[in-house]
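S.K.: The structure under discussion is supplied below as structure tokens; questions concerning it will follow.
Here, each number is a calculation from the coordinates, and none is a lab measurement. These numbers were taken from a predicted model, which means no experiment stands behind them. Cβ placement follows ideal geometry from the backbone for every residue including glycine, while neighbour counts extend to all protein chains displayed.
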Amino acid sequence: MERCLTELEKRPGDSELVSEVFRAVHTIKGTTGFLGYNRLERLAHAGESLLGALRDGKLAVTNELISGLLRLMDGLHSILQTIEKTGTESEQATDNDDALIAQLLQLKDGEFVAKEAYPLHNPEGQKPKPTSHQDVTTVSSTHDKTLRIDVEVLNRMMNQVGELVLTRNQILRSTPGAADFPELARRLDNVTAELRESVMRARMQPMGHLFSKFPRMVRDLAITCGRQVRIEFEGQETGLDKSLLEAVRDPLTHAVRNAIDHGIEPPEERLKAGKPAEGVVLLRAFHKSGSVVIEVIDDGAGISTSCVRTKAVERGLLTSEQADEMSEHEALQMIFMTGFSTAKQVTNISGRGIGMDVVRANVEMVGGSVELESAVGLGTAVRMRVPLTLAIVPALVVRSGGQCFALPQSSLVELVYVPQREAEQAVERMGTTQLYRLRKGLLPLVWLDRLLGLEPSADTGKADFYIAVVESDGRRYGLVTDDLNAPEEIVVKPLSAELRDIGIFSGATVLGNGTLALILDIAATGARAGVRQVAEEVGVVDAVQTQAETAQIVMESSMVIYESGMRGPTDGGNGEQMAMPLSAVERIESVPLSEIEYAGGRAVLQYREELIPLEDEGDVLHEMRAKEGSATATVLICLRPKAQTATRVAMVVRRVLDVSMGKLLATDAAACEQQLAMVNHRVKTVHREYAQTIASTPATVLREVA
Amino acid sequence: MNTVSICSLRVGDGLFGIDTRQIREVLGTIRPQRVPLAPEYIAGVMPYRGEVLTTVCFRALLGLKSRIGSNCILVFDGEQNEERFGLIVDGVSGVIALQRDSLEANPSGLDARSMELFDGAYKLLSGLMVRLDPSRLRPSRLAESRLFGRSMQEKQGEQR
């Protein structure tokens, strides 16, 4: 019903919605009358008559009307809660809803008058009182403790439990030496896996359940703060464990509240800044590498890092030197410190300095993490990352200093084995930091045994070791361990508070051999070892479509320089040198000519089970076929920029020359046909279709350069 | 009822007693998994009925060196919001019934650490049996009092 009402405000003409709400109220009235709840019935009746008038087209949908109806809903809700608590309708004899009923009647009659006399104005005394903050946050407690499960799922679970009991009986009768024992063990393994799977599935709830509370909250908040806000959702079907869903409810509410109160500017300011008066808050949920990411993105004013720095120094959280040394990313994360608020004034909704730190504490309690990204003038994104389920995670068990530790697979990037003969040369030093040359980059190394103060098992440089390349919370480093055990699915058990306080263990688990292993918190371990955060390469801000002027910003980005099939007038026999943004190029492939096939006169290429068209400007293929000896063509596999879904196209080029940083030149009115870029002090033409790829992602590009 | 049943324990040369009603279970020799960087009095963690049990080493609390050999783990239930925890002692001798009035409160001359750990003593014919109160030995309480063993991380900080 709540959803319907907020929907109704957006689409006032929708009679379907009105009827739906009407039916809901009517049902409440009917059943309560039947059950003898008179108070509820009276209120529902008042609401029904108002809705009836609305349905018959006697009333127009206005803000005030919707507010009234929402108040009616609150009234019904509170009575229902009272019934739940006490079994009777009212706690005191004085409790009644006359005021509310009168209001509803007035709304009905008043609107009648208004419609006849001044169709556009509301009668005096009908000013909507913004719903108070407390009302919005009341959450019924009993709702959270029950869970609806499909009977089908429950039956399946029962079957599996039956199977489990049978298998147990057989195992009890059997002996480890018996011929059928391996078979039984395997069956037990199967049944356990199946049972786990169904229990997990039963616990999964779509994010939409959580999101459904927000339209109403956003509406009320927007009215209170005097903002115009639209809320949008993405990924409502993303499943998340029930208990986790409850755990992120408060942090999410907080983040949305912050976005509206601090993020979105008042309409006048937005218009001045060249944005539409209505701000957008986007709630997005999706799965990513074993965790669920929930983002709250607004297109508001953003957070100024210099402001954060000054505030932090003012509050004595940092010295000014420390503040100057911080990277943009680090400065932004200051928001999460206790007692920090950049709000210029404390409001009713948020900004008391208890805010983001609570969000972080809540999310971290369930093993998640929170990040913040922001660009001044463009908006802010709060990204919460929570594990799919609390209970079971895939992990790699490593040995170091004679003890076992579990690394969550979600933060594991790759494993490197350093054999004994290379051990000495592999580790290089820069000051006190030890580094490993991994392909082209330098990877800071962290010795797990030394960090934890364990007895080193052997002198480094004398024995072989493994490097687990891990990444979490923007920190990427190599964790040096003595040995690797098999990957295992581990059952996470919480540690007691005193051990949690050490900070680098997120839990413990019982391994297959019965011993305990501590689970390492990769981000915290890196932080303790002094590994710095590297700003993430991909900005989120571009996810919110902003109409801000972007063309004026001079941007730099990596470009692939290639020789195209077209012959330039000055280059003699060679093709013209052109540039293509690196972000658009997925792969550079060398394709044998024999693999290029023709369909309907057009060249196509089979690439990873996908048929992609070949673009051949200047007929390079034809030329190559004519020439003996050149059996392979160089092809750039590009993502087509404008298409909604990722479609690929292969571009035939003579050869790839270089990859280097280039600056996109400001679009010249005269030469608007061509986008030019300055790469290594030479002008190159940017492939026309892909020029927009650069222009549309300014935040990303700027950050990469910074 | 004027008697209490007390479980008597040996740690080092000392004799200690805990009210049997407060003990949930006594386990035989188990070596808990050490937790790096944890305070010295935390002996480690061990699996216990599907949970991870934090254990406190009583020898470390008394300032004795840890020893290799058999030991006993007493498991105490959590009160209200507190978690379960285990206490490692050298051995359990048995259960004896003692007169309530043989309990003497902590003498005033006791040092701060002992004052924190002990809860009076029973006067036995053979000597004194120090009474222990499990709620005083709770890891969270020990961490608050800050009287016992600095954690490894503080030590590391000093070295730097």
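S.K.: What translational D, rounded to a whole number of µm²/s, comes out for segment A:392-529 from Stokes-Einstein when the hydrodynamic radius is the Kirkwood one over Cα pairs, at 4 °C and 1.567 mPa s? Before the final figure, lay out each step's value.
M.R.: Working: Rh = 15.3 Å.
Result for D is 85 µm²/s.
S.K.: Given A:311/A:493; A:311/A:440; A:288/A:311; A:288/A:493; A:242/A:275; A:213/A:311, which pairs have Cα atoms separated by over 31 Å? All intermediate terms of the calculation are to be shown ahead of the outcome.
M.R.: Working: A:311/A:493 39 Å; A:311/A:440 39 Å; A:288/A:311 34 Å; A:288/A:493 23 Å; A:242/A:275 38 Å; A:213/A:311 33 Å.
Beyond 31 Å between Cα atoms: A:311/A:493; A:311/A:440; A:288/A:311; A:242/A:275; A:213/A:311.
S.K.: Give me the inter-chain shielding for B:32-43: mean count of other chain Cβ atoms within 10 Å, whole number please.
M.R.: Values: counts 1, 7, 7, 10, 14, 10, 6, 4, 0, 1, 4, 0.
Across the residues of B:32-43, the mean count of other-chain Cβ atoms within 10 Å is 5.
S.K.: Could you list which residues have their amide H under 5 Å from that of residue A:632, counting only those 5 or more apart in sequence or on another chain, with H placed in the peptide plane?
M.R.: Amide H neighbours of residue A:632: A:593.
S.K.: For segment A:160-166, what does the Karplus curve 6.51 cos²θ - 1.76 cosθ + 1.60, with θ = phi - 60°, yield as ³J(HN,Hα) per residue in whole Hz, taken in order and with x for Gly and Pro?
M.R.: Using θ = phi - 60°, the values come out as 5, 5, x, 4, 4, 5, 4 Hz.
S.K.: If you don't mind, there's one more thing I want to ask. Once you have a ≥ b ≥ c as the square roots of the Cα gyration tensor eigenvalues for segment A:200-250, tell me rounded if a/c is under 1.5, and otherwise prolate or oblate according to whether a/b is larger than b/c. Walk me through the numbers before you get to the answer.
M.R.: Numbers: a/c = 4.31, a/b = 2.43, b/c = 1.77.
Prolate.
S.K.: Please list 3J(HN,Hα) in residue order for segment A:482-496, calculated via the Karplus relation 6.51 cos²θ - 1.76 cosθ + 1.60 where θ = phi - 60°; whole Hz, with x for glycine and proline.
M.R.: Karplus-based 3J(HN,Hα) across segment A:482-496 equals 6, 8, 10, 9, 5, x, 9, 8, 9, 9, 7, 10, x, 9, 6 Hz.
S.K.: What ³J(HN,Hα) values, in whole Hz, does the Karplus curve 6.51 cos²θ - 1.76 cosθ + 1.60 give for segment B:106-118 when θ = phi - 60°, with x put for Gly and Pro?
M.R.: After applying 6.51 cos²θ - 1.76 cosθ + 1.60, I find 4, x, 6, x, 5, 6, 4, 5, 5, 4, 6, 8, 8 Hz.
S.K.: Amide H of residue A:228 versus every other amide H placed in the peptide plane: which residues, excluding those fewer than 5 positions away on the same chain, fall under 5 Å?
M.R.: HN-HN under 5 Å from residue A:228: A:279.
S.K.: Which of B:62, A:51 comes first, and how do the rest follow, when ranked by fewest Cβ neighbours within 10 Å? Can you show the working numbers first?
M.R.: Working: B:62 16, A:51 24.
The most exposed by this proxy come first: B:62, A:51.
S.K.: Let me ask another. Can you grab the distance from the C-alpha centre of segment A:236-303 to the C-alpha centre of segment B:33-57, Å, no decimals?
M.R.: Going from one Cα centre to the other spans 40 Å.
S.K.: Need one value for B:44-57: mean number of C-beta atoms belonging to other chains within 10 Å of its residues' C-beta atoms. Walk me through the numbers on the way to the answer.
M.R.: Details: counts 4, 9, 4, 8, 0, 0, 3, 5, 12, 4, 6, 1, 1, 0.
Mean partner shielding for this stretch: 4.
S.K.: Summing Lys, Arg as +1 and Asp, Glu as -1, what charge do residues with Cβ under 14 Å from the Cβ of residue A:169 carry, residue A:169 excluded?
M.R.: Working: positive: A:168, A:173, A:187; negative: A:163, A:180.
Here the count lands on +1.
S.K.: Report, in whole Å, the centroid distance computed from the Cα atoms of segment B:62-124 and segment A:578-635.
M.R.: 80 Å
S.K.: Using a 10 Å cut-off on Cβ to Cβ distances, tally the other chain neighbours for every residue of A:368-375 and report the average as a whole number. Please report the intermediate quantities before stating the final value.
M.R.: Values: counts 0, 0, 0, 0, 0, 0, 0, 0.
Across the residues of A:368-375, the mean count of other-chain Cβ atoms within 10 Å is 0.
S.K.: Which of rounded, prolate or oblate describes segment A:184-334 when judged by the alpha-carbon gyration tensor and an a/c cut-off of 1.5?
M.R.: Numbers: a/c = 3.24, a/b = 1.61, b/c = 2.01.
Verdict is oblate for segment A:184-334.
S.K.: In terms of the Cα gyration tensor, with a ≥ b ≥ c the square roots of its eigenvalues, is segment A:378-448 rounded because a/c is under 1.5, prolate because a/b exceeds b/c, or oblate? Could the numbers behind the result be given before it?
M.R.: On the way: a/c = 2.68, a/b = 1.40, b/c = 1.91.
Because a/c hits 1.5 or more and a/b fails to exceed b/c, segment A:378-448 counts as oblate.
S.K.: Show the residues, 5+ positions off or on another chain, whose built amide H is closer than 5 Å to the amide H of residue B:56.
M.R.: B:43, B:86, B:87, B:88
S.K.: Another question, if that's okay. Whole percent per 10 Å bin, from 0 to the bin with the longest distance: what is P(r) over all C-alpha pairs of chain B?
M.R.: Percent of Cα pairs in each bin: 10, 39, 36, 13, 2, 0.
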